[in-house]
C-alpha cells in the first residue's frame, strides 16, 4: 500500500529538522558500541565487584566475553497493581538466560508512582518529574558497563517514557520492553463514572464511592481504561520494541510468562555475540516515532504523550513538534472506542482484534511505516501476528483480518471519525492541546466568561456554593511544570461533568495537565508559555469572555487588543506548592524544566550531545 502523502511529508520534515542532532546522537552511540563488550574492558577488581553475588556457573560465564549478559531494569513494587506482577519476572528471566548459556542480572530498580493514588494530592506534583528521575535511574542501573542487552520492565504513566529516555542514552544496547499486562475487567466504566458524579453532587457517600472504585481497580495489572499506561503499551508495540501482541495479555497467565521467557531469548538473539545485532539506536528512527504517534491518534490515546513522546524522541536525537501531532491528526482516522472514548475497556479492545488488527488496518491504509527495524521479525508486518500457546510452546499466528467488534475497533476504511482525537489550539492565550475524541461535537465549541482559580481545590468550593451554575470556562493557572510540577487535574472531572449534564456550556483551560483519560468535557491543557513564565494566561481576569473552538484550532480571549496589550500579568503565591511531601527536593527540576511543547523535560533538548 502506498504511504499516505501527509504521513510521508511529516516523516520527511521530522528527518530534515532533526538531521544535525540525530547525526550527533548516532555518532555518540557508535562510539559507545565501538568500545566492545564492556565487562571485557573492566579491570579485574571492577569485574569481581560486578559478579561477586553470582553463583559459580554465572561467574564463569561472566568471565567470558562471548556470552551475553542481559541487564534487567524494573519498576517493580508491590503496592501498585500495575507493577506488582513484575515481582517474579527477574527469576524467570535469569532461568531463561541460563538455559541459553548466558546470564541476566538485575541492574536496578526505578521509582514507579501511580497518578491514581496521588490524584488531587500533593504527591501529584512530583509525578511529571518522576519521568526524568526514572530516566536517570535507568542510566545509573546501566552505568556499570556489564551488559550486552537490556530488558525494561515497566508499564505505567511516567515509567515507560522514563525507561525509554534512559534506553535511548544506552542506545548501543539491544533493548526489549517487557509489559506486565492489564487487570481483568471490573465494574463497567460507565457505572464508575456515574457514581463519581453522584458523589460530587453529594447524592452518595464515601462508602459507596470507595466500593465502586474498588470494584473497578480490583487486582494485579494495569488499569483497564485507555489512559497513559495503556497508551504507552500501544506506542511501544507500534515502534516494534515489544514482542508482537505482548501489550495486553493479562498478568499471571501461562501466555504472559511465555512472552517474558521469549523476550529474554530474543534479547540474547539480538546481541552482537549472536550475530544479529539490533541496537536500540538503529531501531528508533523518525519512522518509528511517527508510527507511535499515528497509533496514539488512531486510538484516541493519552494527551500526556504530547509531552512524553516529544521528550522520548529528543532523547534519540529526533525533534518532534505539536504541529506534527496536529497535521497527522487531520488525516489519521479514529479507529477505537475505549473508555473514556467509549464504554469498552482495553480487554474488550484485545478481544476485538487488538494490536494485530489495528496495525494491519493502519498498514493497509498506508498510515504507518512497515520498514522499521523491530526486536522481532523483519518489520512491522510481523506485528500483525498474535501469540498463542500450542502444546506449551509459544507460537505466532496471523492476526484477524476483520474486527470482531466494530463497536470497539474498526478498519481504517470505516472509522468512527475521519480524523484523530487530538487538536492543537492557539491564539492570544498561547498554545495548548485538547483531546476531543470523547467530547460530543455539540459540546466542543464553548464561548463563555471565565472563572479563574490558582489551585484546583478552590474549584470544588465554588461548585459547592453554586457559583458555577452557568455557562463558564474554568481557568486553572499557575499549574505548569515550573510552577508546581504540572499536576493532573483529573479530580475536577466529576464537577465539570455535572455542570455539563445540567445543560451548561463548560470547559477547562489550564497550563497544567488533565488525566491521560481526559473525558467528555472539553479541556484545553498544557497551555504554553505557562503563566509563571509570563504566559498570556496570566493576563486573564474573571469575567473575560474566552472562545475555545478545537475544531478550528482556536483559543482566544475576546478582549480589546489595546486593553490586552496594557494588562500586566497576575501573580500567585506558590509557596504552598513547594513544601512538604518531598516537594522541596524538586526545586532544581522546577528551575530546569522546559516548556510543555518541548517535552517538559529537565534535560533540555539534548542539543549538546
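Worth a mention:
- Condition met for residue 186 (under 29 Å from residue 379 (Cα atoms), out of contact with any strand residue (DSSP E or B) (no Cβ under 6 Å at 6 or more places or on another chain) and touching a residue at least 12 places away in the same chain (Cβ under 8 Å)): no
- Checking each residue in segment 517-543 for being in contact with a strand residue (DSSP E or B) (Cβ under 6 Å, 6 or more places away or on another chain) and surrounded by fewer than 19 Cβ atoms within 10 Å (Cβ to Cβ) picks out 536, 542, 543.
- Any hit, segment 189-196, residues being on the phi < 0 side of the Ramachandran plot and either in a loop (DSSP other than H, G, I, E, B) or in the same structural domain as residue 375 (by TED's automatic domain parsing) (or both): no
- Given (1) surrounded by fewer than 19 Cβ atoms within 10 Å (Cβ to Cβ); (2) assigned to a helix (DSSP H, G or I); (3) in contact (Cβ under 8 Å) with a residue 12 or more places away in the chain, number of the condition residue 101 does not satisfy: (2)
- Just one of the numbered conditions (1) crowded, with 22+ Cβ neighbours inside 10 Å; (2) in the same structural domain as residue 300 (by TED's automatic domain parsing); (3) in contact with a strand residue (DSSP E or B) (Cβ under 7 Å, 6 or more places away or on another chain) is not true of residue 387: (1).
- Filter pass, residue 241 being touching a helix residue (DSSP H, G or I) at 6+ places or on another chain (Cβ under 8 Å), assigned to a loop (DSSP other than H, G, I, E, B) and surrounded by 21 or more Cβ atoms within 10 Å (Cβ to Cβ): yes
- Where helices (runs of 4 or more DSSP H) fall entirely within segment 15-92, those with at least 3 residues that are touching a strand residue (DSSP E or B) at 6+ places or on another chain (Cβ under 8 Å), farther than 30 Å from residue 319 by Cβ and assigned by TED's automatic domain parsing to the domain that holds residue 109 are at 56-62.
- Residue that is at pLDDT 95 or above and out of contact with any helix residue (DSSP H, G or I) (no Cβ under 8 Å at 6 or more places or on another chain), where the choices are 303, 361: 361
- Candidate set: segment 579-593, residues that are under 13 Å from residue 480 (Cα atoms) and in contact with a helix residue (DSSP H, G or I) (Cβ under 6 Å, 6 or more places away or on another chain); chosen: the one surrounded by the fewest Cβ atoms within 10 Å (Cβ to Cβ): 589
The values are calculated or read from the model by the stated rules, or taken from the named source; none is laboratory data. Please read all numbers here as calculations on a predicted model, not as lab measurements. Neighbour counts run over all protein chains shown; Cβ positions are idealised from the backbone, glycine included.
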